[in-house]
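Structure first, commentary second.
The values are calculated or read from the model by the stated rules, or taken from the named source; none is laboratory data. Just so you know, these numbers come straight off a predicted model, no measurement behind them. No Cβ is skipped: glycine too gets one built from the backbone with ideal geometry, and neighbour counts run over all protein chains shown.
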Amino acid sequence: MTSHLRRALVAGNWKMHTAYEEAVHLAREVATSCSDASDVEVVLIPPFPWIVTLAELVRGSMLSVGAQNCSVYERGAYTGEVAAFMLAPFCRYVIVGHSERRHLFGETDEIVAAKLARVFAHGMTPILCVGERLEEREAGQTLAVVERQLATAAASIDRSQAGRLVVAYEPVWAIGTGRPATAADAQEVARFIRGWLTERYGERAGRALRVLYGGSVTADNAGTFFSEPDIDGALVGGASLDAAQFCGIVGAARVVARAKKGA
Ligand code: PGA
């Protein structure tokens with residue numbers, strides 16, 4: 001399956017880090033250092049309160065802004081929630097089903113599916129996170145877990161949306177541990193994800209949708225993941241808080257994107 005049709009995507013998930021000044025400084029640094037990233041889509045995903053400021057700050061640049069989560073509800077009396085429609089004027093992407101949401105905040109596959117539908121309904125692109133825990137990998141259940149997560153999520157979208165979907169394969173044991181998956185293992189699951197969605201939504205959607213790898217990605221190891229045929233980019237946590245590291249990852253994506261294009 002040719003990968004050069006898909007634009008590489010590198011997204012930095014800042015999680016619950018950065019005070020206001022730090023967020024502005026980091027966004028400025030990334031905007032300056034990653035300015036030559038025409039082959040790669042670069043997305044900053046800050047905490048909610050900084051989204052509006054950052055969206056202003058990156059306007060007219062190569063960067064866009066995303067959100068880490070959204071409410072499962074459309075609108076109403078849901079204290080403390082942030083609705084998808086509120087994010088839509090400022091965000092191109094919304095992460096749904098990050099493993100920290102699933103495991104620390106009890107988000108079920110059904111909740112993730114409902115959020116996915118909300119994000120699409122408001123014209124944004126979901127970054128759907130899937131991935132197994134260590135004990136599931138050790139029990140040989142990796143593909144079964146990913147299939148279950150995909151199947152429930154996919155039930156809430158249609159064929160035209162499937163081609164726009166971004167799926168991030170993030171093995172839970174690799175997140176924030178400094179122990180990334182091997183590129184070969186990540187490719188195996190990325191291929192499975194694309195294959196599964198292709199079977200369900202057809203070749204066209206399967207060729208268009210992007211699959212990212214996430215979990216301890218650094219500027220040093222990023223290139224090995226991007227060289228794999230079914231991996232179109234990365235969802236980056238820790239390394240996205242350092243502009244030099246993050247732009248190193250973007251640079252690796254650019255080099256591979258150009259090589260894939262020429263291939
Ligand atoms: P990490 O986080 O890069 O710090 O491992 C990845 C993620 O949670 O998306």
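Inside segment 87-108, can you point out the residues that are among the hydroxyl-bearing types (S, T, Y), within 16 Å of the ligand (Cβ to nearest atom) and touching a Lys or Arg at 6+ places or on another chain (Cβ under 9 Å)?
S99
Residues in segment 82-89: is at least one among the β-branched types (V, I, T) and within 23 Å of L63 (Cα to Cα)?
For segment 82-89, residues among the β-branched types (V, I, T) and within 23 Å of L63 (Cα to Cα): present.
Do we find that A77 is surrounded by 14 or more Cβ atoms within 10 Å (Cβ to Cβ) and not in a strand (DSSP E or B) in this structure?
No.
Identify, please: which residue in segment 217-263 is acidic (D, E), out of contact with any Lys or Arg (no Cβ under 6 Å at 6 or more places or on another chain) and away from the ligand (no atom under 12 Å from the Cβ) and is, among those, nearest to G12 (Cα to Cα)?
Per the stated criteria, the residue is D220.
Filtering segment 1-52 down to residues that are among the charged types (D, E, K, R) and touching a residue at least 24 places away in the same chain (Cβ under 8 Å), which residue is farthest from R101 (Cα to Cα)?
D36
Would you check which residues across segment 120-175 are touching a helix residue (DSSP H, G or I) at 6+ places or on another chain (Cβ under 8 Å), β-branched (V, I, T) and within 30 Å of A88 (Cβ to Cβ) and list them?
T125, V130, V146, T152, I157, V167, V172, I175
Checking the condition under 20 Å from the mean Cα position of the chain (by Cα), part of a strand (DSSP E or B) and either closer than 30 Å to G195 by Cβ or away from the ligand (no atom under 15 Å from the Cβ) (or both), which residue from A23, A11 passes?
The match here is A11.
So the check is Cβ under 7 Å with 6+ separation or different chains; which pairs have a first residue in segment 190-204 that's farther than 18 Å from Q161 by Cβ and a second one that's outside any helix (DSSP H, G or I)?
Between residues of segment 190-204 that are farther than 18 Å from Q161 by Cβ and residues that are outside any helix (DSSP H, G or I), the close pairs are A190/Y169; A190/V211; A190/Y213; A190/E228; A190/D230; A190/I231; R191/D230.
Rundown of residues vs (1) in contact with a helix residue (DSSP H, G or I) (Cβ under 8 Å, 6 or more places away or on another chain); (2) modelled with pLDDT under 95; (3) of a type in the set (D, E, K, R), yes/no style:
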residue: K15; (1), (2), (3): yes, no, yes
residue: T18; (1), (2), (3): yes, no, no
residue: L26; (1), (2), (3): yes, no, no
residue: W50; (1), (2), (3): yes, no, no
residue: A55; (1), (2), (3): no, no, no
residue: C70; (1), (2), (3): yes, no, no
residue: E74; (1), (2), (3): yes, no, yes
residue: Y93; (1), (2), (3): no, no, no
residue: G97; (1), (2), (3): yes, no, no
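Yes or no: segment 206-226 includes at least one residue that is modelled with pLDDT of 95 or more, assigned to a strand (DSSP E or B) and closer than 18 Å to D36 by Cα. Don't jump to the end; show me each part of the working.
Restricting attention to segment 206-226, the residues satisfying the condition of being modelled with pLDDT of 95 or more are 206-226.
Checking the rest, the ones that are also assigned to a strand (DSSP E or B) come to 210-214.
Checking the rest, the ones that are also closer than 18 Å to D36 by Cα come to none.
No: zero hits.
Which pairs turn up if I take residues in segment 68-86 that are charged (D, E, K, R) and look for partners that are part of a loop (DSSP other than H, G, I, E, B) and modelled with pLDDT of 95 or more with beta carbon separation below 7 Å, at least 6 apart in sequence or on another chain?
E74/A83; R75/A83; E81/S71; E81/Y73
Among the candidates R148, R164, single out the residue that is of a type in the set (K, R) and in contact with a Leu (Cβ under 9 Å, 6 or more places away or on another chain).
Matching residue, one of R148, R164: R164.
Failed condition for L197, given (1) under 24 Å from A121 (Cβ atoms); (2) over 17 Å from the mean Cα position of the chain (by Cα); (3) crowded, with 19+ Cβ neighbours inside 10 Å, with all others met?
All conditions pass for L197, except number (2).
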